[in-house]
Each structure stands twice: as C-alpha cells, then as structure tokens.
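**Student:** The structure's right below; bear with me while I get my questions together.
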Amino acid sequence: MKTVACLAGDGVGPELMAAATRALDRVAALHSLKLDDVHLPFAGEGVIRSGHPLPPETRAGYRGADAILVASPDEPALDGVKADLELAWRVARVQTEGVSDVVIAGPVGPWANRTAVARAFASAASRRARVLAVGDSPVFRQVVEDERSGWSGLDVEVVSLCEALARFREDPGSVDVVVAEAHLVDAAIDTAAFFAGSQASVAQAWLPADGPGVFFPGTTESADVAGFGVADPKGMLLATSLMLAEGLQRRSASRTLERAVAAAPEARDTRSFTDAVIDLLPWARTDTDHFAEVWA
C-alpha cells in the first residue's frame, strides 16, 4: 500500500485535485496498485480549520506519506512543505506536440549532483536510453562520467547550455532525458515549455534523496475561474503521472496515464477532459509485456 498526501489548496485547486484522484484511482486499478490518497487541510482550508496554512496534522500527514501531490503550485504554503523536506533534486516532464515527452532533472545544489545524475540515468534506462547532460563545470562533468561507467546501453552526450538550447530548437525528437547543473535547470525547463507551447504541459517535482517528494503542475489558472468547472486539468494529470514514475516508482502506470493525457481531445471543461483521459486508459496501458519495474 502506498500513501499519497493530497494538498488541494485554494482557487481551482480542489477541482484539479478531484480530477487527479479520479484518474489516479482508475490507473491504479488498471495496474493493480494499492493506493491510499489522504486529503489534508492546506493553505486557506488549513487557516479556516486551525488558523495556520500548514497545521500540525497536515505536516505529520505528508511526512509519513510516500508522495505529496499539490494542486496549487503558486500557494506560499508550498514553500513551507518544501522546507520540511531534505530536498536534493528536482525533475520536470514536458509534453510536446508531435514529439515524445522530455524529462529534465537536476540537483537542488552542487552537493546533490550525484543524486540527480543517478536518478536521470535511471529514468533514461526505462525510456529511450538517451541522456543529454548540460553543464560546464569540471565537477559536474566528472560526476556524469563516473555515473556513465555504471550503465551499459545508454547514449550519453555532455553539452553546454547553448548546445542544448539549439538541440531543442533544431531536433527536439532527439531529446529524451536532460540532466542539468543546478543553475541551468530552470533555463532547460523554460526552453522545453516554450517549444511545447504551453506551461499547461509541464509537471514538476522537488524530491529528497530518500522520502516523499512534492509533485505539482507547472502552472494553474486564475482563481477567478474557480467553481465554474472550466480549469484545464492537463498539467495536474501530468503531475500525477510524474508522481507515479518518480515518487512511487511505478513507471508503467505513469506511462499509461501520460499517454492517455496526450491522446485525449481538447475539452471545454475539467470533467469532460478527465472523463476522456479515463476512457483512454485501457488503450494507453503500456505493461502488456508484463516486464518487471526496476528502480536503480
């Protein structure tokens, strides 16, 4: 049994979290995963209940979870959640038109280079086996070379930021997993999002070397549309897919949800799009060969 701490927040957060948990329940059933989603008071709800955006019961709840799913990335209380965790690395997944999605990883600081590089290589091994390492410092490049020696079958290129940006523009289909130095991660994510055409196609996470990570959409819509059922749930569903892969190490379930999101037709409201994604899950299932999931 895996536990997911759900922090909906304010504005459109509750609607997005409802979409995410509906899809998560269905994909878990499809892949025979036992998940318990625990909804905790967060931000405005926490203030109403106990006078604080991060009540003690909320902090205790997400510290004991296997992953933390957040629907309100702009909520200031999220900084408090991240401060409670010993974060070491971060990862983003960007879904692009006509091209397979791109994963971008990097350390929180230089001290975590090895953790981020190792996680990026593990992700690439379960995908298309291509890694683009972006950085100029000798320390970072040495970590990449050391990690490369422990893997066989991976195509690893070490490039500068300028070379990586040119690759995104000229040959995006060749980019699979990017691992960048800490100060270059944002630039790589922003570039991938630019070529994707929308921040709604971005999911992000901050993770410790061990323990629950925090997963959230790249952006959410204004609170002005809250309650009308028209918030775009795509980024939230992609964040849920990213959580399955990097937080719960269920990569086949993650790919199933991601493929369904990519194939779902545009909809005018939150529920219709989520319904379309759920209907596509059996078609999108990617574990038909019953391969064992391995986390290195």
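**Student:** How large, in percent, is the carbon and sulfur part of the accessible surface of the chain at a probe radius of 1.4 Å?
**Tutor:** Here it works out to 51 percent.
**Student:** Starting from the 7 Å offset along Cα-to-Cβ, what nm value, one decimal, do you get for the label separation of Asp146 and Ser32?
**Tutor:** It works out to 4.0 nm between the two label points.
**Student:** Please list, in chain and number order, the residues 5+ apart from Thr96 or on another chain whose amide H is under 5 Å from its amide H, with Hs placed from the backbone.
**Tutor:** Asp101, Val102
**Student:** A follow-up question, please. Tell me the Kirkwood hydrodynamic radius of region 184-257 in angstroms, computed as one over the mean inverse distance between distinct C-alpha pairs.
**Tutor:** Radius from the Kirkwood sum: 13.4 Å.
**Student:** So, in Å, what gap is there between the alpha-carbon centers of region 117-153 and region 39-72?
**Tutor:** 35
**Student:** In square angstrom, what is the accessible area per residue of the chain with a 1.4 angstrom probe?
**Tutor:** 43
**Student:** Then there is this: Lysines near Lys2 by alpha-carbon distance under 23 Å, same-chain residues fewer than 8 away left out - which ones?
**Tutor:** Lys34, Lys82
**Student:** Still on this structure: Antiparallel DSSP bridges in the chain: what percent, to the nearest 5?
**Tutor:** 45
**Student:** Sticking with this one: So what is the 222 nm mean residue ellipticity for the chain from helices alone, if each DSSP H run of at least 4 adds -39500 (n - 2.57) and you divide by all residues, rounding to the nearest 500 deg cm²/dmol?
**Tutor:** When only DSSP H runs of four or more count, the value is -12500 deg cm²/dmol.
**Student:** Calculate the tail of P(r) for the chain: the fraction of all Cα-Cα distances greater than 31 Å, expressed in %.
**Tutor:** 25
The values are calculated or read from the model by the stated rules, or taken from the named source; none is laboratory data. Here the structure is a predicted model, which means the values were calculated and not measured. With ideal geometry, Cβ positions are generated from the backbone for all residues, glycine too; neighbour counts draw on all protein chains shown. In case anyone asks, the SASA skips ligands and DNA or RNA and just uses the protein heavy atoms, side chains included. Shrake-Rupley method; radii C 1.70, N 1.55, O 1.52, S 1.80 Å.
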